[in-house]
Amino acid sequence: MRNFHYPGRSPVYATNGMCATSHPLAAKVAVQMMEAGGNAMDAAIAGAVLLGFCEPQMTGIGGDCFVLMTPPGEDRVIALNGSGRAPAGIDGDKLRAKGDVIAPYSADAVSVPGAVDAFCRLSKDWGKLGLKAVLAPSIHYAENGIPVAERVASDWAGSVDNLSGVARDMFLLDGQAPQPGQMFRAPGQAEVLRRIASEGRAGFYEGEVADDMVASLNALGGAHSLEDFANTACDYTDPIKGDYGGLDLYEHPPNGQGATAILLLNILKHFDIAGMDPWGAQRAHIEAEATKLAYDTRNRFLADPEHMTKLDHMTSPETAAQLAALIDPKKAMPAGLPGAEAVHKDTIYITVVDKDHMCVSLIYSVFHSFGSGIASDKFGVLFQNRGAGFTLTQGHANEVGPGKRPMHTIIPAILKKNDKVYMPFGVMGGQYQSTGHARFVTNVTDFGLSPQGAMDAPRSFAEGDVMTVEDGYSDSVKAELAEMGHNVQRPDTAIGGSQAILLHEDGVLEGGSDPRKDGCALGY
């Protein structure tokens, strides 16, 4: 594989195990877990939970996760849905009386956190070391503090107004976002993790911690009950599969948006992407138009799998062919992404491969930056606002309802080549994630980029009536896109962030980590 000249990082190579994620401390802890005799699952859980303190605006134990994994020595892909549900007492009519959408920074938007149940289940079913060992690094750093990294500090500063009530005391320093290098501590959450380490999921979903979470949400008008928390349970599911350029793409099924990435790639198959300039206007234009059509399809149909009826339609070649036929290769379509207002970009991704080639592809999020902005009064558990991903449109498959899972933007992925696991990867960035998956796969297949080169390369993204284009594109390309009818703008921050580990046939692992984030790939 070759890298283009776009400046970035060197690939990382190792043989015994590797982690790629968005913060170096989490990558280090993950590798330490494997060095101590743990496997990829132990490492992934340890790193992911720690990221909730390295990047608290992105994720935390009040959030959800989705996981794809392969057992050691196997190429079988297993999916686990660790997303929570709306409380049983939620009332769509009452919410409609308040407005057209669910207020994102309110207790109404807080679905029950599902990640902790998933981590406990995965540790029991697949891990070696046990929760006490796996959570020990996070307990230490939550108690003693972590210096805030540069990109994290930038994101934090832009999200201060999202925080309310006691969350402002717990996630701000003297009322201000921390500066790079300042220490962030979360002693209340360290105590929560101690209880999970000793009691398992009951330490979170029952007892004093659950009492604190429910009382805090009820005081703000939430319909949550102790039963909602006690009944939270993750589910093993079957991954969905697409293909492109000789690789099979495994995605998590709904309520995540993995089907959107498969649809998008199916649309791109109808164009000679490999024959285009990789950083020219034509490729960016076709990808933008395919994104608009794929995301419009997502917004119409994607929902809780118990309520979704159009998954086969989304992933069928016929649907992609009909949509591809709508694309004008020289002219932009008008924006048409209804229902996308509530989608933002705050997520972490971690991938780990161990010496037995057990692979874990895990994505973990609180949705908006700092989620709902609400923290529990005593322990400081910051709640996600995934409930804002529901629609209030009556009769829609993703309509808010008791016990339903909302549509999620977060999606882990695994690529196979010739039926063998080839590369776990993921792309952070909220709504960008499906387009990010398609861009990563086409970078690798159509243009022969290494995993690191595929991440270093410039990105563009059509969202609503705006096409954001990173600085890696030339001014002439931006002008050509504008002439096609795109509303070209420079993004406020870099578009997305990704991680990947490629498994070479000789056993060497090759890791890549996005320069848009603070993290790294690390192996031993």
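The values are calculated or read from the model by the stated rules, or taken from the named source; none is laboratory data. Everything numeric here is computed off the predicted structure, so don't read it as measured data. As a convention, Cβ positions derive from the backbone with ideal geometry for all residues, glycine included, and neighbour counts pool all protein chains shown. Side chains are part of the model used for accessible areas, which takes the heavy atoms of the whole protein and leaves out ligands, DNA and RNA. Shrake-Rupley method; radii C 1.70, N 1.55, O 1.52, S 1.80 Å.
Listing for the model above:
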read-out	value
Normalised contact order of the chain, rounded percent, pairs of Cα under 8 Å and 6 or more residues apart	27
Helical mean residue ellipticity (222 nm; -39500 (n - 2.57) per DSSP H run of 4+; nearest 500) of the chain	-10500 deg cm²/dmol
Sparse-neighbourhood loop sites, trypsin sites (Lys or Arg not before Pro) in the range 240-340 - DSSP loop, at most 11 other Cβ within 10 angstrom	Lys330
Filter on Lys355/Lys417; Lys124/Lys404; Lys128/Lys355 - keep pairs with C-alpha separation over 22 Å	Lys124/Lys404
Average Cα contact separation per residue, the range 291-449, under 8 Å, 6 or more apart, as relative contact order %	22
Percent carbon-and-sulfur accessible area, the chain, ignoring ligands, DNA and RNA, probe 1.4 Å	49
12 Å beta-carbon shell around Leu265, net charge (K/R +1, D/E -1)	-2
Segments 149-162, 356-369, 443-456 sorted - mean Cβ within 10 Å per residue, highest first	356-369, 443-456, 149-162
Label assignment, percent of Cα pairs over 43 Å apart derived from the structure, set (1) 17; (2) 10; (3) 20	(2)
Rounded accessible area per residue of the range 1-147, 1.4 Å, Å²	35
Residue-normalised accessible area of the range 312-458, expressed per residue, 1.4 Å probe, Å²	28
Whole-angstrom gap from the range 99-142 to the range 473-516, using each part's C-alpha centre	29
The range 373-391-the range 55-71 distance, computed between alpha-carbon centres (Å)	15
Neighbour net charge for Asp419 - beta-carbon separation under 10 angstrom, K R +1, D E -1	+1
The range 12-47 and the range 155-220: distance between their alpha carbon centers, rounded to Å	25
Whole-number percent relative contact order across the range 141-279, with pairs defined as alpha carbons under 8 Å at least 6 apart	16
Where trypsin sites (Lys or Arg not before Pro) fall in DSSP loop in the range 71-131, at most 13 other Cβ within 10 Å	Arg76
